[in-house]
1. Look at the axis of the rotation that sends chain B onto chain A, then give the chain B residue with the nearest Cβ and the distance in whole Å.
2. Quick one: of the DSSP bridges fully inside chain C, what percent are antiparallel, nearest 5?
3. Would you mind listing the distances between the A:VAL387 label point and the same position in each other copy? Use 7 Å along Cα-to-C-beta, nm, one decimal, shortest first.
4. Please average, across the residues of B:407-419, the number of beta carbons from any other chain that are within 10 Å of each residue's own beta carbon, and give a whole number.
5. Computed FRET efficiency, Cβ-Cβ of C:ALA155 and C:SER352, R0 45 Å: what is it to the nearest 0.05?
6. Taking beta carbons within 10 Å but only from partner chains, what does the mean come to for residues B:429-439?
7. Would you kindly state the longest site-free stretch of chain C, with sites defined as trypsin sites (Lys or Arg not before Pro) in a DSSP loop (not H, G, I, E, B) surrounded by at most 12 other Cβ atoms within 10 Å?
8. For the stretch B:97-160, with only Lys/Arg (+1) and Asp/Glu (-1) charged at the beta-carbon, what is the dipole magnitude about the Cα centre, in debye rounded to 20?
Amino acid sequence: MSRSNSEARASRQSPVLHEEDSSQSMYQLIRKLYPICRSLTGDGVRETLRILQEYIPLAIQSVPTGTAVFDWSIPKEWNIRDAYIKNSAGEKIVDFQKSNLHVLNYSLPVRQKISLAELKTHLFTLPEQPEWIPYRTSYYNENWGFCLSHNQLMALTDDEYEVCIDSSLRDGELTYGEYFLSGETDGEVLVSTHICHPSLANDNLSGIALAVFLARALAAEPRTYSYRFLFTPGTIGSIAWLSCNEARVGQIKHGLILACVGDRGKITYKRSRRANAEIDRAVIQVLKDDGAPHQVLDFSPYGYDERQFCSPGFNLPVGCFMRTPHGKFPEYHTSADDLEFIDLRSLADSFSKCRSILDVVENNATYVNQNPKCEPQLGKRGLYGTVGGLAEGRQQELALLWVLNLSDGSHNLLDIAEKSALAFAAIKKAAADLLKHGLLKPVI
Amino acid sequence: MSRSNSEARASRQSPVLHEEDSSQSMYQLIRKLYPICRSLTGDGVRETLRILQEYIPLAIQSVPTGTAVFDWSIPKEWNIRDAYIKNSAGEKIVDFQKSNLHVLNYSLPVRQKISLAELKTHLFTLPEQPEWIPYRTSYYNENWGFCLSHNQLMALTDDEYEVCIDSSLRDGELTYGEYFLSGETDGEVLVSTHICHPSLANDNLSGIALAVFLARALAAEPRTYSYRFLFTPGTIGSIAWLSCNEARVGQIKHGLILACVGDRGKITYKRSRRANAEIDRAVIQVLKDDGAPHQVLDFSPYGYDERQFCSPGFNLPVGCFMRTPHGKFPEYHTSADDLEFIDLRSLADSFSKCRSILDVVENNATYVNQNPKCEPQLGKRGLYGTVGGLAEGRQQELALLWVLNLSDGSHNLLDIAEKSALAFAAIKKAAADLLKHGLLKPVI
Amino acid sequence: MSRSNSEARASRQSPVLHEEDSSQSMYQLIRKLYPICRSLTGDGVRETLRILQEYIPLAIQSVPTGTAVFDWSIPKEWNIRDAYIKNSAGEKIVDFQKSNLHVLNYSLPVRQKISLAELKTHLFTLPEQPEWIPYRTSYYNENWGFCLSHNQLMALTDDEYEVCIDSSLRDGELTYGEYFLSGETDGEVLVSTHICHPSLANDNLSGIALAVFLARALAAEPRTYSYRFLFTPGTIGSIAWLSCNEARVGQIKHGLILACVGDRGKITYKRSRRANAEIDRAVIQVLKDDGAPHQVLDFSPYGYDERQFCSPGFNLPVGCFMRTPHGKFPEYHTSADDLEFIDLRSLADSFSKCRSILDVVENNATYVNQNPKCEPQLGKRGLYGTVGGLAEGRQQELALLWVLNLSDGSHNLLDIAEKSALAFAAIKKAAADLLKHGLLKPVI
């Protein structure tokens, strides 16, 4: 960090957390996006990104079908207008207009009459949750199919059925959104979220809404770091971004993948591949300071787009912030992940935690005690109580002593919070007070 | 360590622990010192140090008022002759002659008549322990006040009171005691204890008495290390010593702060800021070998004078040896920390543990196995049993095997005791036996 | 490892575990060896080694009495033909022909009549197990004696006894067996076991049999490493081998001492002195993958011949594989460690575990992901399921992702198995599959 940035940070007021009623606003955005049939590519993604532009000045990027992105190739663009199964009486017994989950995502167009036996080879259900429609995809293997509730399947009689999928799979483009907020330094914080799922609310309209409102809050404040928000289709989208921006990834100092942040579960944080990157420690500090139940998982190469950012050729310090992880709630990838599954208090809590995490990252400077031999006399500066002999140190005085004791140039404020078991906020305030009295200087 | 010292240590007999009846002697010293009104400065401290000179040839050092010591300045010298509160009937209802805790330590002189309401702004009590007088100070903020039991306060009626504090606060000096015992090497072991408290027995007449009798015991024996005993007023005293002796602190190889070593609680050791310095490991080894309940605390920048010795500009390997820590016993800083609060067996145990700790430090040499390829044949040297086939190794034979196996030049005897889970005494004896048979050589 | 070896390993099929009915075969060998009176030296050892030559082409090595081996000297050779105690009625009350444990191993020849009182100074019993004969030795202190059950001792009356030990202790030689199996590389895996015990089945005919049948299995397969099997008398035998082969020990990359591998207890592994050598981690991985109860002990310089291989002048990566450790089963070093004490399922399990351990060591290569930026597209290579959206990753797909993610040149397959918590077999298969598709290359 350059000298001027560091001093700017040091003298700056802590950002005022001027929150709008964020959970209501996030929920309204989720409601607006919920009906759209998204996929890896196509009009649904474009419509989604256009709606996000009403909130933040998002750049919409596109990559043509067939473009090589590392080991992959951008697939054909998929669009769908309608789909149904009719019985011989002409009744629509499965109807895409009622739920876009009914179609195997990326299905080829089809229109034919077939027997029940043949139809069944194209149907997907969830026997263990017989009322829910599963969400299934076939991106990279050309196929067609329908997803329906197991009860619907059980009710099918031996009949001739008309199946219609009015879709197209043609050369086109992959589309994603990118929003860059420049800060005092070129170092970037990446916030990335996947946008490829159709009508699934927690996975991942919650992540999209959280990213949008984090971006709005950060845009209104001074920032030490620059911030890059990505709204990409899962896997292929982050691979495309990395392929197109390979020269730039060295600027990424910290990153968070946001996914499934609106359910009632406790917060789950999955560490980056580096395991103890500053972002990992910042998240854990915030979760510890808050005190609510939470879990921290080691990195594993399965999950969301951290798989790509943490591939060994990049190994970026990017962790994944979730509530209940993928596959660990019964509603996961089913029609039950709907608007009612979203909990407003959880959304607000996810927002607040992410704000605190970024506050740690923004303020985690290293200072040097300017009076390293013995303690400075805090009392004469009004920083210490005047009556001696009490049994307990006062919390904020302890924070001052910890910051002084560990500000030897090799501990940053996060190190000090960890070692002292005090909240980051107390350590940050102590550093600000000591700085004001000339007892600390930032490491340049 | 130089060659000659190392060899001297290696060939020397283990020091004979020729203990006087130490706990009785320590207790007699505590009784003698108890009535004196000590403070940061003044006649009480000087009288205390003169009494200690009856036991050890202590040098009494003084630093004039106003001397700059790092960020601090030596305060004015405080002396007091008398103090009381009289009611309108002329009865002394609070009397310094009965307990020197009754005066807020460092009170300005005062003599006036005041109402109950005004008086109350100068009174300190402990509502949760209504029969005890609290100990309070106002060293660095000019003020006056009285400390009394909460019951006394409750009994005060709406009356006119005469308050008298016959004290003086004038330019003078800060006084401390220093006793240096030279050893075979220039490396020093520091033992420091605070002497500024008035009539409080455990905090810290117990620490003073323990330091005095440790010094007497060490003076009677050969010593590898030199020893420096400091008897200083808390905080400002150690800051003054460090300021006056800055060039010398590099000689301090190990250090212990002694405080509150006479209560019935288990032993508490607080690690140095280095966390795993040799002194830290020596203390923990002794506590583990002994097996009695104890606790080991991580370093924190609050407590006793380790705060100064472990400030980042010094970062000396100095830990704090206590029984119940400051603030963790109800009698702490109250009139209940009196002569009856001291337990003679605890005093004796603190003495014995400190002796063992210093024995570890004195004997913790590194040796090199002179027969490193395969085991040497211990049997032909009479170091091993002659009948084979028994199920268990004998403890002292195991100690021999451990010392041989780990004496590769990178493990000292404390390392070996830790790895083997054997007592340091067994490891030390094994090393001595192997040395006698030429199977080890000291690292020079 | 050289380029060609590494590539050979990479392209080779996993060794087919073509097990003969190993536990029955091992037990037959144990039965054959059980009656022989072995010792440090002498005909019993030679006869034992000749029997082993029926199974593997063992070289029999000898070292003459008086040869200096490091700090030791090869002892005289001991042979025994007969021994007994007769009472005054001429009845043999203790008879070597009934159990070779009856003689203190290495007893001097004796033939005399003595009183009960004098006889008792030469008798060894186990009062806590009054029906069992203890096993005792006096290798390095010239003595004679008998071992008998405590009940036998109690039945002795005040009589004159005739004692006869028809033994000889003369210049001769120490004998051991060595079997070297060359592999693709010069790096060696050492498997060593002690052969000096007379009629004790678990300690250590079980270890001898296991080593023999491991050697047979390995001889039938391609091997990356060379293998050296040692069958030596305890302590002096391994010291003699190390002394005669000092220039060669640098080739030893991994080693296992085998002892007490046939009892019903769970497996115990004692780490090498290096604590986390590859062999230590390989054993622990196999025990964890298997899931059965087991224990892992830290290194200590007491036990079997790991004492010599792990002496500080060698510090070889040699651990000890046992079931119940020495001294931890009541039958240890008594006549109750007989043929019935051996459990065939335990023998088979010890064999199978050792095979798996050596399989880990043989296959623990390091590979480099050839597509390190983002994941490669596994689906187009048929390595990944085609329908997306399922809640759980499939185990073998997870193994592929883990191998890809960690194959950055600094993790070998054992590292990956440890970090992923997947079985080594799954990781090994994933690496083979990825290698086949050109997605990995071995580190050369």
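1. B:ASN276, 12
2. 65 percent
3. With the label placed 7 Å along Cα→Cβ, A:VAL387 yields 7.4, 7.5 nm.
4. Mean inter-chain Cβ contacts per residue within 10 Å come to 1.
5. The calculated FRET efficiency here is 0.45.
6. So the per-residue partner count for this stretch is 0.
7. So the longest stretch without any such site is C:99-393.
8. For the stretch B:97-160, the charge dipole is close to 220 debye.
Here, each number is a calculation from the coordinates, and none is a lab measurement. Not measured: the values here are computed from a predicted model. Methodologically, a virtual Cβ is constructed for each residue, glycine included, from the backbone with ideal geometry; neighbour enumeration extends over all protein chains shown.
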